[in-house]
1. Just to be sure before I move on: is B:GLN551 within 14 Å of another protein chain (Cβ to nearest Cβ) and either free of Cβ contacts under 8 Å to residues at least 40 places away in the same chain or in a strand (DSSP E or B) (or both) in the structure I sent?
2. Which condition from (1) within 30 Å of B:ALA85 (Cβ to Cβ); (2) free of Cβ contacts under 8 Å to residues at least 24 places away in the same chain is the one that B:THR937 breaks?
3. Check the range B:805-813 and report whether any residue there is within 14 Å of chain A (Cβ to nearest Cβ), surrounded by fewer than 18 Cβ atoms within 10 Å (Cβ to Cβ), in contact with a His (Cβ under 9 Å, 6 or more places away or on another chain) and of a type in the set (Asp, Glu).
4. Is it the case that some residue within the range B:349-361 is under 28 Å from B:SER243 (Cα atoms), surrounded by 18 or more Cβ atoms within 10 Å (Cβ to Cβ), in contact with a Lys or Arg (Cβ under 9 Å, 6 or more places away or on another chain) and not small (Gly, Ala, Ser)?
5. Of the residues that make up the range B:781-789, is at least one more than 14 Å from chain A (Cβ to nearest Cβ), surrounded by 18 or more Cβ atoms within 10 Å (Cβ to Cβ) and in contact with a helix residue (DSSP H, G or I) (Cβ under 9 Å, 6 or more places away or on another chain)?
6. Among the candidates B:LYS867, B:LYS846, which residue alone is surrounded by fewer than 16 Cβ atoms within 10 Å (Cβ to Cβ) and touching a residue at least 12 places away in the same chain (Cβ under 8 Å)?
7. Hey, any hits in the range A:143-151 for a residue that's part of a helix (DSSP H, G or I), within 14 Å of another protein chain (Cβ to nearest Cβ) and out of contact with any Gly (no Cβ under 7 Å at 6 or more places or on another chain)?
8. I need the full set of residues from the range B:708-729 which are within 25 Å of B:GLN567 (Cβ to Cβ) and either in contact with a Lys or Arg (Cβ under 7 Å, 6 or more places away or on another chain) or facing chain A (nearest Cβ under 8 Å) (or both), in order please.
Amino acid sequence: MTSPGAQGGGALATRGGATGKRMKWALELSLGNSRNRGDRQSKDGDVMYPVGYSDKPVPDTSVQEADRNLVEKRCWDVALGPLKQIPMNLFIMYMSGNTISIFPIMMVCMMAWRPIQALMSMSATFKLLESSSQQWLQGLVYLIGNLLGSALAVYKCQSMGLLPTHSSDWLAFIEPPQRLEIMGGGMVM
Amino acid sequence: MPGWLFGSLTAEHCGSCSSAAMAWLVVRLAISVSLLYTASAVFEDQVGKFDWRQQFIGKVRFALFDTQSQASKKLLVATDKNVFASLNSRTGDLFWRHVDKTGPEGHIDTLLMYGQDAVVVVGNGRLLRSWETTVGGLKWETVLDTGSFQAAALVGVQDHVKYVAVLKKSSISLHDLSSGSQIWVENLPDSDTVQYQTIYSGGNGLVFVLGVVPNSHIVIVEYKIEDGEIMNKKSVEAAWMSSLETSCTIISSGILLCADQITQSLYTLPLQSAEQTEMRQIHLQTLDLEVASGFQPVLTSTQPNPAQPPLSEFFLQLSPDHHILLQLKDNLIAPLRDFNPSYLAAFATSGERTVAAVMSPKNDTACSINLFSADTGRRHLDTTIIYHMDPNGGKPNRLYVHAFLKKDDSVGYRVMVQTEDLTLTFLQQPGRVVWMREEALADVVTMEMVDLPFTGTQAELEGEFGKKADGLLPMVLKRLSSQFILLQAWLAHLWKLFYDARKPRSSVKNEITIDTLSRDEFNLQKMMVMVTASGKLFGIDSKSGTILWKQYLENIQPNSVFKLIVQRTTAHFPHPPQCTLLIKDKDTGLGSLYVFNPIFGKKSQIGVPALPRPILQTLLLPVIDQDYAKVLLLIDDQYKVTAFPSTKNVLQQLQDTASSIFFYLVDSSQGKLSGFRLRKDLSTELIWEVVIPAEVQKIVAVKGKRANEHVHSQGRVMGDRSVLYKYLNPNLLAVITESTDTHQERSFVGIFLIDGVTGRIVHEAVQRKARGPVHFVHSENWVVYVYWNSKFRRNEFSVLELFEGAELYNSTVFSSLDRPHPPQVLQQSYIFPAPISTLEATLTEKGITSRHLLVGLPSGNILSLPKMFLDPRRPEVVSEQSREENLIPYAPEMPIREEWFINYNQTVSRVRGIYTAPSGLESTCLVVAYGLDIYQTRVFPSKQFDVLKDDYDYVLISSVLFGLFFATMISKRLAEVKLLNRAWR
């Protein structure tokens, strides 16, 4: 391993023999450029900015109205996503049947897991919808869509018989009754 | 892995018993797996791994050594169990064994041996058979004429034995020894008055038949061998004689010698002389001898070669421990040697020399056997065999001698001693026990399996927690000391492992002794406590079949009834485990208790209650005394109860619980079932009575449920996933009756299910045109019984199952006094294509594993029949729901598959009982089948779901694991290096 000091400070870097004809050591006077690899790579293509180049983007105010519509549309897309999946899920449910084998189980797991995952990352979605004016409505639609998705998964589990809803599912937990009388005897010996 | 398979088992057992969705998935998967039901037979490499068989023969009645050649190891025996066998006299193992029918039909009347042939008369003179003794093949068999058998003898002509003569009550027949063909048969003269009892031939062309008219005279008839012509017939006055067989013998050249206790005399009579018409009396006083009062003197003579007359020397037994060797010479009887005291005496011949072996007491625990030359009574030097009597055994009662000529022409000998407790001991000089056989085990009456104790160290720890705390510091010290002992034991164990590893594998013997006994990890090794009809108790290690202790109880009447009760198991260290054996004498009705430690076989010092009244029944209560022993109640014929142990504590507890203790008694002769309740003063009150008219049907058996049975699942899951709850009444009795009318059209078998507390008849069923013997099992919520269908002439299984319905009446407590609803009863019957000898059900620790029925077949096989096949819910028409429930469609025929035989080719002759016990593993049930043989094995009704398979590839799995581990390490390192290098580029 190269000595750890090579990366520290950035002022001094020693290189292994692998780099061939490079110098054994080099001193760079521009601080901060060799702090990380990306910087070093950018150093390779380091050229002077052309004249008139500005670091800051030029604000464009001409298409703002259309943009907002786009954002709105985009946000509705996000909010309606789970609802749109439902017909697809229904179709998959129908196709996979109620038998218990590996593929239907995987389907059900996915169907159940996706809405749950989405509900868990609700705050992230809200952040996404922040820019929209109908943020709360969209959030609600998104929530309902996911809940419907999970309800569908639960229904599927139910129809596959995976839910402990019958008395037989609790049979193993019934303790044997305690006997009140002691009885014994037999044929006269 | 166990978890998953546990699911599979649950599925097989109850359809579904889990709650969570994933568990349901596993269960459903498992159902599909369990549909591929496969056989439970053992694999070839599993043979003998956890099973063993021991073969027995029973009480020896006749034993003959093969003296034809010096190297012969054969010992032919015929026993009271109708077994004819050949033993290896060097090892005691069986060469071959023929098991005949039980009862008088197969009774072996006599055994004669000449050369390679053994002639046997079977079934009170029904059959005459000749066996080839080397391989045990039947040479010929002849059916004899009717008539009860009296005697048989080999008949020789001119030094060659050619014939065998059979004497019956009214006829005599002569058969060729090589083919069995009958040469002639003659009726005996005056056979209605004369009891012909003895037959004799001295090789001179004549056969003598001797008969007696009790207290009157003796009749001697002389037959010519060639054609059966009566040559001579005479009668001799003998008013004192009642039986020829017991008091007479023939010695010398055809001289009848009789002994009489009342007149204290010996009588002689030459058979052939025409002139002597009276027996010559020789007073024993003239020989300075006296017969002990009340003792019938016994005469023993020997005829080394059937074609030659017997020797003129004979033994006279004057009292149980006094023999005398006498010689008849020139019509005078002279004593050769007096053996006083002496227990047993026997003659043996090798070549031309006949010797007599005499067993005399040496001290309290040992006997010495000495060899004497028969013709002079002189003692052979250096021929003493010391026989050490087992302090826990019985007295010797038979002596069989095998004499042989040594290289220096002196006579050597080996002896086989049979004792009262049916032990056969084979000894050689100077007292080395060559082998031993415990033939009492051929007649096991009852048995129990008891857990082995923990090792000393485990027990030490257990004890530490069991004791009461006596301060902090002593507790800490005690703890430290026991930890130190554990460490010590572990180091010793390691050292032993290391030490044994250096030795070659063959020399390391895992000998099981009583000291090294300890419970194994899964409690698979247990102590089998066996009670035999002869009154001998055995403690046998269930893993190897080694007899670890034995105890002979003297003075047990032959028809006693035994009941073995485990009062305290090994779980209560430091209290020793305790078993109690109730022995009831059938004649007097009086019972006695024998209390012992089942692990060491030692008699317990605990005082047993005196039982002055006949005992009717016992009841083991779950109530324990302060020493953790369960309380045993004994009910006498006045319905008074004796408690054992009966400490103050116990009596107090009994008073508190008396109102909930009930008995039932079944009197088969009156057809009466009666129930009693215990009162506080230990008397009882009759609370119910059911009378089944004894003139119509007879109660043949009653069975409750086993006390140690656990039922895991309280119901059965239906196809629609509802539950059908089982009717699990712990007080339910199954009563089997058989009709007294045995006509095949009118005979029937009845079954009553009666609540033992209230006497309520829960269910009754009658199987018409059926006949016993009925075998049945009562367990959980079902009764399975087998009977003979006399209409269709076949064996049938019938199963009754009881259910409460879709709802439990009371799920917390069960009281027979509060059961308003009768159970639903389902019944189905099946044809079983074989007769059966015994029936039992498997038993496991928690009752989760599915049940199998163990069916003992007369062929000696034990069939493990899944209870699944005996299910009254088996549908005739398959529906979606029944398929969901995993029910097999109903088929009247019950299959017998060879792979269901748990004992493959290790058949158990005359299997009489099967005992099942749970082990520490839920999947495993220990099985002991006993009859003439004993067979022990383990069965896995739901396969071994809780242990890895025997052929589990540890090497492969661990090498893959390690390989992956190292591959991960190496690739991680490589990735690091590569990343670093890239960073430096």
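The values are calculated or read from the model by the stated rules, or taken from the named source; none is laboratory data. Note that the coordinates shown come from a computational prediction; the quantities given were computed from them, not determined experimentally. In this analysis, Cβ positions are derived from the backbone assuming ideal geometry, glycine residues included, and neighbour counts consider all displayed protein chains.
1. no
2. So the condition that B:THR937 fails would be (2).
3. Scanning the range B:805-813, I find no residue that is within 14 Å of chain A (Cβ to nearest Cβ), surrounded by fewer than 18 Cβ atoms within 10 Å (Cβ to Cβ), in contact with a His (Cβ under 9 Å, 6 or more places away or on another chain) and of a type in the set (Asp, Glu), so the answer is no.
4. Scanning the range B:349-361, I find at least one residue that is under 28 Å from B:SER243 (Cα atoms), surrounded by 18 or more Cβ atoms within 10 Å (Cβ to Cβ), in contact with a Lys or Arg (Cβ under 9 Å, 6 or more places away or on another chain) and not small (Gly, Ala, Ser), so the answer is yes.
5. So in the range B:781-789, the residues more than 14 Å from chain A (Cβ to nearest Cβ) come out as B:782-789.
Checking which are surrounded by 18 or more Cβ atoms within 10 Å (Cβ to Cβ) leaves us with B:782-789.
After this cut, where a residue has to be in contact with a helix residue (DSSP H, G or I) (Cβ under 9 Å, 6 or more places away or on another chain) as well, the list is B:782, B:784.
Taking every residue of the range B:781-789 in turn, at least one turns out to be more than 14 Å from chain A (Cβ to nearest Cβ), surrounded by 18 or more Cβ atoms within 10 Å (Cβ to Cβ) and in contact with a helix residue (DSSP H, G or I) (Cβ under 9 Å, 6 or more places away or on another chain).
6. One residue alone meets the criteria, B:LYS846.
7. Scanning the range A:143-151, I find at least one residue that is part of a helix (DSSP H, G or I), within 14 Å of another protein chain (Cβ to nearest Cβ) and out of contact with any Gly (no Cβ under 7 Å at 6 or more places or on another chain), so the answer is yes.
8. Within the range B:708-729, B:HIS710, B:VAL711 qualify.
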